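Reviewing the structure listed below.
The values are calculated or read from the model by the stated rules, or taken from the named source; none is laboratory data. Keep in mind the model is a prediction, meaning the values are calculated, not measured. Cβ: placed from backbone, ideal geometry, glycine included. Neighbour counts: every protein chain shown.
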């Protein structure tokens, strides 16, 4: 089997198809089978050192590992194609008989004090193979989802191909439709922007191929409840500033998940500023609209820490009375923390996703809180949702992940993303 393992972010500028392997996961499963998932990195994703520093922030460990157990054990050298499309040469044999070893999957918790979740799974139909189309594999949350998808596929012996669209809407649609043309049993994905995959959904429905997307309104989708972190953050702000506080929002791309997070936070802290929000408040015990104000919002469209830091620094200079920065992801929070530290500003900083680096910043006193919806769990559930759809012929109900707040009080109980992607079974 052709494999490559990368020990540093600088080595992630690849020119060929990458197979990332996790021996540790195989050991925890008690199997000697080596497994693979094809990770197709687009040329747009092969960038310089600053981009790779962002990749390095994804995981607390040195070796990035995504795993899939392939029952066929093919050692073909064909996995060397530089093409980032799903038309890249596959080293899988056609429609292998699947040998399933498990009837349930144990999903790791966010904190060590939480109970692992056991989910029942049906038998895998022979010849099943799945694909996962990721908009930004280099973004921490999406990488964690990919690890979850890969681990569930590994446990179920389902061949899996993961492709990175690198933020290219046209490429994402091309990749998704390409998997339909190649006869994949199910295609998983994350909507980059609302409506961008509509043509793909229609094409898949016409040939009865299950499509499970995260953060969408499509059948069988897997998402999150954004009202929880919005409410929690408002409580922290009120506790710190009982007489009221003004603050800033540092957002990122206008993906459905980000729009939902923004709407939820605005709805909780000030419904008067949220006339267009689909999510309305009401869960907050007091009336926060009278004492929590949002001064401005900016977007970090590159989703890179350096850009987040620059944007946050500009906002802090423009709004010297700001008492908090609420970010829609941990990249924004970490950039805001650097900007606040450089400016000598003692403010509340909130992130979302529960990235390992953000948790480290919480322990260091640089970030106030992050909220983790266990995106590794989302990835695992997406595979299970697709499998249930395949077996029953009917899309299962959509699912929402609940967030867990992480602060300095419980950060030491945090389960690393890499550990969740190798959680012991049975």
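Structure values in brief
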| quantity | calculated |
| --- | --- |
| Residues of the stretch 197-214 satisfying the condition of being surrounded by fewer than 22 Cβ atoms within 10 Å (Cβ to Cβ) and within 30 Å of residue 297 (Cβ to Cβ) | 198 |
| Residue in the stretch 133-153 that is more than 21 Å from residue 423 (Cα to Cα), free of Cβ contacts under 8 Å to residues at least 60 places away in the same chain and not assigned by TED's automatic domain parsing to the domain that holds residue 356 present | yes |
| Criterion: modelled with pLDDT of 90 or more and not in a loop (DSSP other than H, G, I, E, B) - qualifying residue of 220, 205, 234 | 205 |
| Flag for residue 402 being surrounded by fewer than 17 Cβ atoms within 10 Å (Cβ to Cβ) and touching a helix residue (DSSP H, G or I) at 6+ places or on another chain (Cβ under 7 Å) | yes |
| Filter result for residue 353 (on the phi > 0 side of the Ramachandran plot, touching a helix residue (DSSP H, G or I) at 6+ places or on another chain (Cβ under 7 Å) and touching a residue at least 60 places away in the same chain (Cβ under 8 Å)) | yes |
| Scan of the stretch 316-335 for residues that are part of a helix (DSSP H, G or I) and touching a helix residue (DSSP H, G or I) at 6+ places or on another chain (Cβ under 9 Å), ordered by number | 316, 317, 330, 331, 332, 333, 334, 335 |
| Failed condition for residue 349, given (1) assigned to a loop (DSSP other than H, G, I, E, B); (2) more than 19 Å from the chain's Cα centre (by Cα); (3) in the same structural domain as residue 304 (by TED's automatic domain parsing) | (1) |
| Selection count where residues are at pLDDT 95 or above and assigned to a helix (DSSP H, G or I), scope the stretch 358-375 | 6 |
| Filter result for the condition that a residue is at pLDDT below 95 and either within 30 Å of residue 156 (Cα to Cα) or not in a loop (DSSP other than H, G, I, E, B) (or both), over 338, 400, 387, 381 | 400 |
| Residue list for the stretch 157-170, restricted to those being surrounded by fewer than 22 Cβ atoms within 10 Å (Cβ to Cβ) and either free of Cβ contacts under 8 Å to residues at least 24 places away in the same chain or not in a loop (DSSP other than H, G, I, E, B) (or both) | 169, 170 |
| Count of the stretch 110-141 residues which are closer than 16 Å to residue 166 by Cβ, out of contact with any strand residue (DSSP E or B) (no Cβ under 6 Å at 6 or more places or on another chain) and part of a strand (DSSP E or B) | 0 |
